[in-house]
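Visitor: Sending over a structure as structure tokens; questions will come in a sec.
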Amino acid sequence: MTAVQGQVKARTLGELLQTPEYAGRAPFDGQVRLVQDEVRDNLTRKLRQGEDLFPGVVGYDETVIPQLTNALLARQNFILLGLRGQAKSRILRAITGLLDDHVPVIDGVDMPDDPLNPIGAEGRHLLEAHGLDLPIRWLPRADRYVEKLATPDVTVADLIGDVDPIKAARLGTSLGDTRSMHFGLLPRANRGIFAVNELADLAPKVQVALFNILQEGDVQIKGYPIRLELDVMLVFSANPEDYTARGKIVTPLKDRIGSEIRTHYPTDVRLGMDITAQEAVKAEGVVVPEFISELIEEIAFQAREDGRVDKMSGVSQRLPISLMEVASANAERRGLVSGDVPVVRVSDVYAGLPAITGKLELEYEGELKGADVVARDVIRKAAGAVYARRYASFDTRTLEKWFEDGNVFRFPQSGDAGAAMKATREVPGLTDLAAQVAGLGDDAVRASAAEFILEGLYGRKKLSRAEETYAAPEPEVRRERGGRWN
């Protein structure tokens, strides 16, 4: 026997039948534990023990996960419908955590096959030839997940397989014999999970073949009927817009998908911040104040509500993740030059514009203005929203009056944090307000807080902004506010 993860595992069918789990079994006994049964058993155990079902999936505890759990308990295939960046692929991959650590399969065959009840001609032949000496190997759960991104050029041969004349000649079989097949992705996912991302992009004939091989166990390849009773859990993902388009998904396949589960973006900023903190990769030592984290997340929320951004395309959760990474990198670069602890500021968020513009699909009005203009406006709105939630009670009348008197302030972008804080003393009350926001933070955090306060007031249209310079609002904005400064 061989050791697998500290446990002794059988290397032949005879050794396998001596283990407690397989005691009393015999070849071709018909006792088949399907993948859906295996997933259900492990899911049931985890539910009873109160374990985390899908680690790393945040924000779906009351919506998606209960529906997904029901589908898995019901042994159903399912489809996840949602816009981009809603963790659909992560959820599909997380289902592998509900598989057994290892399962035995026949060694030396392309398609993972049950050593006691093989479905492939090659596996059956080997079992009949070797009997209890049939060599087996142990397939880990990570190798039991196969994923395919659906594109219009995917063929039946890619998913199911194709006739291999050379293999047929070598084995002396007919072209219609399954032993002459070169297996595609789906047979190679036997005894596992097969995921199809963006299902609607598959050509209709490929969808029909996919349905036939799963539902009926047969398919025609180049005129030859092929029969394979695969043991596969099939899971899909798709964009709702594509999924509901007429003619995109063949009716028999759509009808036989057990559950349709809708995903969604985070329902509140705090959940989004948790996801971004989990996924963003930052250099060690970079400090991101909470008000900056909230600002970065609010940008995605504001973009999803902006009329210039295409709602059907959505705004991916990857936007705040990428923005957090770029903003942190810019802060790190500044820290390397100045020698300060790298603390992310509003100016670093603006430096991350490329992480925003590339993820916004714009409507006609947005295209006219340009992605850069739309992104900057979204940052302004987000800063105003976060400031209003956190610091609306701040008395900034003296500060605003200073700008109203015609003064202009450029927030220092170079030099150390101490120099930046020294410059802020020029604006009445700004240093004290920054200290309240930063709490026990050092000069670098207080500098970030001071810039955030100015940006928040700009977001609430109490100041104007040009590049890195803050001033009084434009005359038309002052007229909109009725000349009131509060």
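The values are calculated or read from the model by the stated rules, or taken from the named source; none is laboratory data. Being a predicted model, the structure only gives us computed values, none of them experimental. All Cβ positions, glycine included, derive from the backbone under ideal geometry; neighbour counts span all protein chains shown. In case anyone asks, the SASA skips ligands and DNA or RNA and just uses the protein heavy atoms, side chains included. Shrake-Rupley method; radii C 1.70, N 1.55, O 1.52, S 1.80 Å.
Visitor: Against the condition part of a loop (DSSP other than H, G, I, E, B) and either in contact (Cβ under 8 Å) with a residue 24 or more places away in the chain or in contact with a strand residue (DSSP E or B) (Cβ under 6 Å, 6 or more places away or on another chain) (or both), how does residue 57 come out, does it pass?
Guide: The answer is yes for residue 57.
Visitor: Oh, and also: Report those strands (runs of 3 or more DSSP E) wholly inside the range 223-334 carrying at least 3 residues which are under 30 Å from residue 111 (Cα atoms).
Guide: Filter on the range 223-334 gives 224-227, 232-238.
Visitor: Whether any residue in the range 77-96 is open to solvent by 20 Å² or more (accessible area, probe 1.4 Å), without any contact (Cβ under 8 Å) to a residue 60 or more places away in the chain and either in a loop (DSSP other than H, G, I, E, B) or in contact with a helix residue (DSSP H, G or I) (Cβ under 9 Å, 6 or more places away or on another chain) (or both) is what I want to check.
Guide: Scanning the range 77-96 turns up no residue that is open to solvent by 20 Å² or more (accessible area, probe 1.4 Å), without any contact (Cβ under 8 Å) to a residue 60 or more places away in the chain and either in a loop (DSSP other than H, G, I, E, B) or in contact with a helix residue (DSSP H, G or I) (Cβ under 9 Å, 6 or more places away or on another chain) (or both).
Visitor: Would you check which residues across the range 210-241 are surrounded by fewer than 22 Cβ atoms within 10 Å (Cβ to Cβ) and among the hydroxyl-bearing types (Ser, Thr, Tyr) and list them?
Guide: Passing the criteria: only 224.
Visitor: Failed condition for residue 367, given (1) touching a Ser or Thr at 6+ places or on another chain (Cβ under 7 Å); (2) over 27 Å from residue 434 (Cα atoms); (3) not β-branched (Val, Ile, Thr), with all others met?
Guide: (1)
Visitor: In the range 1-22, how many are hydrophobic (A, V, I, L, M, F, W, C), modelled with pLDDT under 90 and either open to solvent by 40 Å² or more (accessible area, probe 1.4 Å) or in a helix (DSSP H, G or I) (or both)?
Guide: Summing the residues that are hydrophobic (A, V, I, L, M, F, W, C), modelled with pLDDT under 90 and either open to solvent by 40 Å² or more (accessible area, probe 1.4 Å) or in a helix (DSSP H, G or I) (or both) in the range 1-22 gives 3.
Visitor: Which residues, counting only those in the range 414-427, are in contact with a helix residue (DSSP H, G or I) (Cβ under 6 Å, 6 or more places away or on another chain) and either open to solvent by 30 Å² or more (accessible area, probe 1.4 Å) or closer than 17 Å to residue 335 by Cα (or both)?
Guide: Within the range 414-427, 416, 417, 418, 420, 421, 425 meet the criteria.
Visitor: What is the one condition in (1) more than 26 Å from residue 254 (Cα to Cα); (2) open to solvent by less than 40 Å² (accessible area, probe 1.4 Å) that residue 43 does not satisfy?
Guide: Of (1) more than 26 Å from residue 254 (Cα to Cα); (2) open to solvent by less than 40 Å² (accessible area, probe 1.4 Å), only one is false for residue 43: (1).
Visitor: Output the number of residues of the range 396-413 satisfying the condition of being surrounded by 14 or more Cβ atoms within 10 Å (Cβ to Cβ) and under 44 Å from the mean Cα position of the chain (by Cα).
Guide: The qualifying residues number 7.
Visitor: In the range 258-272, how many residues are open to solvent by 50 Å² or more (accessible area, probe 1.4 Å) and either touching a residue at least 12 places away in the same chain (Cβ under 8 Å) or within 16 Å of the chain's Cα centre (by Cα) (or both)?
Guide: Counting residues in the range 258-272 that are open to solvent by 50 Å² or more (accessible area, probe 1.4 Å) and either touching a residue at least 12 places away in the same chain (Cβ under 8 Å) or within 16 Å of the chain's Cα centre (by Cα) (or both) gives 3.
Visitor: In the set 432, 443, which member is of a type outside the set (Val, Ile, Thr) and surrounded by fewer than 18 Cβ atoms within 10 Å (Cβ to Cβ)?
Guide: The match here is 432.
Visitor: Looking only at the range 170-209, how many residues end up being without any contact (Cβ under 8 Å) to a residue 40 or more places away in the chain, within 30 Å of residue 37 (Cα to Cα) and open to solvent by less than 10 Å² (accessible area, probe 1.4 Å)?
Guide: Of the residues in that region, 1 qualify.
Visitor: Keeping to the range 273-316, report how many residues are touching a Pro at 6+ places or on another chain (Cβ under 7 Å) and either surrounded by 18 or more Cβ atoms within 10 Å (Cβ to Cβ) or within 18 Å of residue 58 (Cβ to Cβ) (or both).
Guide: Of the residues in that region, 8 qualify.
Visitor: Considering only the range 342-365, I want to know if a residue exists there that is under 23 Å from residue 85 (Cα atoms), hydrophobic (A, V, I, L, M, F, W, C), in contact with a Gly (Cβ under 9 Å, 6 or more places away or on another chain) and at pLDDT 95 or above.
Guide: No, the range 342-365 contains no residue that is under 23 Å from residue 85 (Cα atoms), hydrophobic (A, V, I, L, M, F, W, C), in contact with a Gly (Cβ under 9 Å, 6 or more places away or on another chain) and at pLDDT 95 or above.
Visitor: If I filter the range 375-395 down to residues being in a helix (DSSP H, G or I) and among the aromatic types (Phe, Trp, Tyr), which single residue comes out as nearest to the chain's Cα centre (by Cα)?
Guide: 387
Visitor: What is the number of the single condition among (1) under 12 Å from residue 261 (Cβ atoms); (2) in contact (Cβ under 8 Å) with a residue 60 or more places away in the chain; (3) in a helix (DSSP H, G or I); (4) not small (Gly, Ala, Ser) that residue 69 does not meet?
Guide: The number of the failed condition is (2).
Visitor: So residue 138 clears everything in (1) over 30 Å from residue 276 (Cα atoms); (2) assigned to a helix (DSSP H, G or I) except one condition, right? Which one?
Guide: So residue 138 meets the others, but not (2).
Visitor: Check 360, 368 and return the single one that is among the hydrophobic types (A, V, I, L, M, F, W, C) and not in a helix (DSSP H, G or I).
Guide: Exactly one residue qualifies, and that residue is 360.
Visitor: Next question. Inspect the range 144-152 for any residue being closer than 27 Å to residue 27 by Cα and in contact (Cβ under 8 Å) with a residue 24 or more places away in the chain and give the result as yes or no.
Guide: yes
Visitor: Does at least one position in the range 149-163 carry a residue that is in contact with a Pro (Cβ under 8 Å, 6 or more places away or on another chain), within 30 Å of residue 19 (Cα to Cα) and at pLDDT 85 or above?
Guide: No, every residue in the range 149-163 fails to be in contact with a Pro (Cβ under 8 Å, 6 or more places away or on another chain), within 30 Å of residue 19 (Cα to Cα) and at pLDDT 85 or above.
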